[in-house]
Amino acid sequence: MKIVYTDNNATTQVAPEVLEEMLPYFSENYGNPSSMHTFGGSVGKKIQEARAKTAALINAEPNEIIFTSCGTESDNAAIMAALEMNPEKKHLITSAVEHPAIRNLYKYLETKKGYQVSFVSVDEKGILDLDMLYSIMTNNTAIISLMWANNETGVIFPVEEVAQKSAEMGILFHTDAVQAAGKIPIDIKKTSGVDMLSLSGHKIHAPKGIGALYVKNSIKFPPFLKGGHQEKGRRGGTENTASIVGLGKACELASTHLEDMDQRVRGLRDHLQKSLLEAIPASSVNGDQANRLPNTLSIGFNAIEGESILLLMDQAGICASSGSACTSGSLDPSHVLMAMKVPFESAHGTIRFSLSTYNTKEEMDYIIEKMPPIIKRLRDMSPFWNR
Amino acid sequence: MKIVYTDNNATTQVAPEVLEEMLPYFSENYGNPSSMHTFGGSVGKKIQEARAKTAALINAEPNEIIFTSCGTESDNAAIMAALEMNPEKKHLITSAVEHPAIRNLYKYLETKKGYQVSFVSVDEKGILDLDMLYSIMTNNTAIISLMWANNETGVIFPVEEVAQKSAEMGILFHTDAVQAAGKIPIDIKKTSGVDMLSLSGHKIHAPKGIGALYVKNSIKFPPFLKGGHQEKGRRGGTENTASIVGLGKACELASTHLEDMDQRVRGLRDHLQKSLLEAIPASSVNGDQANRLPNTLSIGFNAIEGESILLLMDQAGICASSGSACTSGSLDPSHVLMAMKVPFESAHGTIRFSLSTYNTKEEMDYIIEKMPPIIKRLRDMSPFWNR
Amino acid sequence: MWEYNDKVKDHFLNPRNVGEMTEPSAVGEVGSLSCGDALKLFLKINKSGRIVDATFMTFGCASAVASSSALTEMVKGLTLDEAEKLTNDDIADYLDGLPKEKMHCSVMGQDALRKAIRSYKGIEIQEKPGNVVCECFGVTDLEIIDTVKDNNLKNAEDVTFYIKAGGGCGKCVEKIESIVESLLSEAPVTQ
Amino acid sequence: MWEYNDKVKDHFLNPRNVGEMTEPSAVGEVGSLSCGDALKLFLKINKSGRIVDATFMTFGCASAVASSSALTEMVKGLTLDEAEKLTNDDIADYLDGLPKEKMHCSVMGQDALRKAIRSYKGIEIQEKPGNVVCECFGVTDLEIIDTVKDNNLKNAEDVTFYIKAGGGCGKCVEKIESIVESLLSEAPVTQ
Ligand SMILES: Cc1ncc(COP(=O)(O)O)c(C=O)c1O
Ligand SMILES: Cc1ncc(COP(=O)(O)O)c(C=O)c1O
Ligand code: FES
Ligand code: FES
């Protein structure tokens, strides 16, 4: 069966160009980049190249990039470094709709390490409560971490503005740009208040298990993984050369695809959204449509439940995600939809479509054809559907 | 130029069988294993397969394996978990010759977190001072971490015995088996005192950037990377599927190669050692020859310096490592040789040859032919060589 | 992706006995929109107290639908007394097993059935005994204790899988954990 | 692997003027076995105070050998006064640059040369002034201050690259760091 893959905020396929660039670094140029021999040393040069390309995606300097093992590690490393650099500050700020990589770390720091933690609210559209945020920033705040764009709804936060304000108050600012990178332009030189920024390879057609953390040059970053002198002492562990090379290539590709994202992919998403809203009654879009990633559509279908929608979609070869944290054993809708006070009625029946530059108009039309009967079938079974 | 690669304790080539097994998981089966769609779910099954194979290498249960991003992360995660599980205990034990992944973490915990840290000495042969170790174990000891085999000398520590003793005293025991795994048999069921054990893929022909941590079933392991519910909540971050699949295959291969390691590779190493000692005056082996990995030879050449030896070897296409921490900017011989009180005279001129099952007799003979003139040439330049 | 077996998949993709019953003898309703799943069970009961027909309406995940479908198949032909003895395990067994994380779906089936039968018999449905531990799902300490004992559960996560408690905001998980632990620690003595 | 340029590689692989000189006019010896590198420089100096020949023996890494080789080439033909002015930067420049981590090799060349010339001139070599900060390499605070000022260094790591201090056991790194920092903080005032 043909697969229509619209789950790119979960993970993406490795681009063929990326894989091709990686291949020589498994069984041929397998030397350790820290080695004294030319064989290993040549790999080191390739890593520097990848570092420059990764930096270029966000207009940073190559030495501001630390390669990590994933977005989660980047997030954890950034926060832990901030605490270590400010041992006397005991207050942390983030939003109520962050990825678990920040959210669960903050909760851990709150419950186990005695930090005071503020989760800034969002409104029904997922827009950040800036008044609240600005009112709680103090001298005691060690770090503010704010995602650039939300993984579930695609809603974009005003990172530049908040970063600026943080800088003025001398508070470290981190942004989880895992979903924003490669989808909207990021220019770190223009958002100078950003001290640290997280990336993850597998969201932009590099493999899973590689990430990067941008750390502003002026920051003396204490390593999260303590070990050897790799990454200039900022991350121990033998370099994941093949994946680093892959990430470099993927970042290069992502830059060239920004235009396609903004135009064609946005068009596909809008077409999908409009058509589904028209064809399916009692459906609604979650999140601020004015400030949203061009590839993401979070849409709630009243009175039915996400997992069963997904499984019927799966029968039709359509891959997407639900808005519930179902796989984790939790039955509540995701904390993101809850924070937005999306009514249970549509939160439980929320599906996230997330596109990539590989998606086509034909695929959208296929989804548009298949969804209405799926929704109807489940509603026919639902005790909450008003026939 | 033909490359003779004898730097396998630094890193290894990815086995062709491993790469082949990985390839479909980049651009074809790229789904997220936590997804609700069959496309991602099928990847989840493959990961379970890899988990079982990885467990099998050390005779553990599949659910006792947590995949990590490298040996360093496994080491860091194990120690940090131990501290979290024993918040009231403030004493840590390890040896004086550990890898920086343990050593630097311990030093950090000592200087920044107020832990009392004991680095147990070794003698001239690198043999652990068990009397000292046993005399400092107390109720206040949160964890003992002891490498199974040393990366520089190959010396094997009596892990079974110490683990047993730790268990009797109710002290958590971790072993860094990054160098031991795949080179000597490990049976976790027979060394029941071991609570946690670190592995790294790139030392056994899996790619760089993948590792595993064995955690005994009975331990409620708090995650080091805090994020999503992956690895049953024991490690956040989207699974590095391709590399996990690769690690599984590599572990399977490693089991089948143990015999070759013990017999043929050991024979090659012994041949290399004997021939170099005979052909080159004022040369000596570092470390206990009775209890040593079959693939490792650390040999010191008096009155000359490691980097220049390596670079001349590089000219001849021979890859190996030196016994100094030269790449790190430090000029001292490695802490391992220093802890063994190897005289400066030979410590600075120490070269580590580390073989794999891919090495051949011809390669050894090539090294045996090339080394004597290299050593002579440098000694002819040295003010410390007694002509 | 849940590892649903073929039988579960079949009952999800081709559910038996879906729909509202026009003149049901008894109705059992459990769950709610906010809970994430809900089941409305309709029974037709004949004079001699035997269930002659059963239909359902379900809001929920695939295993909720499959459990409901299975339940309706299972109860047809049973006497009310027989039906009342039917347990969540029976439902799971009928489906050749459910993922442990989804056991609460079978519990929902059992609950709906008992509710329908009691309402038919005119038994007043009492306030739940005990103190509410999990507010998200309105689960009491006594319910937790019963579930742990009945199903030999080992930790709070298992409890969530069976009766959802702890699966929402999560703030009750520690309380559940301590209930389970105290039960486990007394177990060696009582058994 | 160090990024040695072709000139450094050439001077390492084909070092000029290697060997002991039979009747040297002056000898300058620096470094030791424990230090990890050492250089013994031999000079032949003619009546009019001009260096007519130079050879060396070196124990050390590739850039130590290359720096020694370069040094001997550079000093041939110089008067002692000219030679005394030669700095580590000149040596590095002659080699088209050294990796920053290896600058101490060029410093070793400069030191050996000055030592040889002073001993030839009969200038007593005094005890090093200042207090020893780095015991591993016997480096004093005044030496660190001079090196930082001369080479515009920014942190302790740079100091290690130039004069090794801090590159052994590492226990002096914090002290070095504070010296550098106090220099940096006064810099804006004095410049
Ligand atoms: C004994 C030992 N432990 C840990 C490590 C760290 O492994 P990795 O480089 O995968 O982080 C290594 C190798 O570098 C090692 O030899
Ligand atoms: C916003 C956001 N942050 C962090 C992550 C974590 O990235 P990774 O899975 O690479 O650890 C993700 C994706 O999973 C994400 O969407
Ligand atoms: S109170 Fe139990 S999950 Fe929220
Ligand atoms: S005292 Fe300076 S490095 Fe040891």
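Largest mean-square fluctuation among A:LYS232, A:LYS341, A:LYS370, in a Gaussian network model of chain A whose springs join Cα atoms under 10 Å apart, belongs to A:LYS232.
Count, for each residue of C:30-36, the Cβ atoms from other chains sitting within 10 Å of its Cβ, then give me the mean as a whole number. Mind dumping the intermediate values first?
Working: counts 0, 1, 3, 13, 8, 4, 12.
Average neighbour count from other chains, rounded to a whole number: 6.
Looking down the axis that turns chain B into chain A, the chain B residue with its beta carbon nearest that axis, and the gap rounded to whole angstrom, comes out as B:SER69, 2.
Its convex hull of Cα atoms gives the protein assembly as shown a direction-averaged projected area, equal to a quarter of the hull surface, of 48.7 nm². For chain B, DSSP calls about 55 percent of its internal beta bridges antiparallel. Given R0 = 60 Å, the distance between the Cβ atoms of D:GLU23 and B:GLU20 translates into a calculated FRET efficiency of 0.35.
Taking the DSSP beta bridges with both ends in the protein assembly as shown, the antiparallel portion is around 70 percent. Here is the list for the range B:43-121: GluC sites (Glu not before Pro) lying in DSSP coil, each with at most 14 other C-beta atoms within 10 angstrom of its C-beta, are B:GLU88. Lysine pair count for the range B:88-199 with Cα-Cα distance under 20 Å and sequence separation of 8 or more or different chains is 10.
Other protein chain C-beta atoms within 10 Å of residue C-beta, averaged over B:208-220: 3.
Here D:LEU184 and A:GLN48 are evaluated by their C-beta separation; at R0 = 41 Å the FRET efficiency comes out at 0.90. Label-to-label distances for A:PRO24 across copies, nearest first, come out at 2.9 nm, using points 7 Å from Cα in the beta-carbon direction. Label point of B:LYS190 (7 Å along Cα→beta-carbon): distances to the other copies' equivalent points are 6.4 nm, sorted ascending. Peptides B:169-179, D:18-28 ranked from most to least packed by the mean count of surrounding Cβ atoms within 10 Å: B:169-179, D:18-28. Looking at the range D:132-190, what % of the alpha carbon pairs are farther apart than 20 Å? I get 14 percent for the Cα pairs in the range D:132-190 exceeding 20 Å.
By the Cβ rule of 4.7 Å, chain C holds the following cysteines without a possible disulfide partner: C:CYS35, C:CYS61, C:CYS105, C:CYS136, C:CYS169. What you get for chain B, charging only the Cβ of Lys and Arg (+1) and of Asp and Glu (-1), is a dipole of about 520 debye around the Cα centre. Packing around the peptides A:150-163, B:355-368, B:209-222, taken as the average count of other Cβ atoms within 10 Å per residue, puts them in this order, highest first: A:150-163, B:209-222, B:355-368. Modelled this way, with points 7 Å down the Cα-to-C-beta line, the labels at B:SER255 and A:LYS112 are 3.3 nm from one another. For chain C, hydrophobic long helices are taken as DSSP H runs at least 18 Å long by C-alpha position along their axis with mean Kyte-Doolittle hydropathy of -0.5 or more; these are C:62-75, C:103-121, C:173-190.
With solvent modelled as a 1.4 Å probe, how much accessible area in total do chains B and A shield from it at their shared surface, in Å² to the nearest 100?
In total, this chain pair buries about 5000 Å².
Per-residue shielding of A:297-307, expressed as the average number of other chain Cβ atoms within 10 Å of the residue Cβ, stands at 3. What separates the A:LEU130 label point from its copies, with the point 7 Å along Cα to Cβ, is 6.9 nm, written shortest first. For the chain pair D and B, the interface hides roughly 2300 square angstrom of accessible area in total, found with a 1.4 Å probe. Hand me the tally of lysine pairs in the range C:1-154: alpha carbons under 17 angstrom apart, and the pair either on different chains or 8 or more positions apart. Lysine pairs satisfying the spacing and distance rule in the range C:1-154 number 19. Take every Cα pair under 8 Å whose residues are at least 6 apart in sequence, average their separation, divide by the length of chain C, and the relative contact order is 18 percent.
A simple charge model with +1 on the Cβ of Lys and Arg, -1 on the Cβ of Asp and Glu and nothing else charged puts the dipole of the range D:132-190 at about 100 debye relative to its Cα centre. Working from Cα pairs under 8 Å separated by at least six residues, relative contact order for the range C:132-190 is 35 percent. With respect to the axis relating copies D and C by rotation, the chain D residue whose beta carbon is closest, plus that distance in Å, is D:GLU174, 21.
The values are calculated or read from the model by the stated rules, or taken from the named source; none is laboratory data. The structure displayed is predicted, hence computed values, not measured ones. In this analysis, Cβ positions are derived from the backbone assuming ideal geometry, glycine residues included, and neighbour counts consider all displayed protein chains. All accessible areas refer to the heavy atoms of the entire protein, side chains included, with ligands and DNA or RNA removed. Shrake-Rupley method; radii C 1.70, N 1.55, O 1.52, S 1.80 Å.
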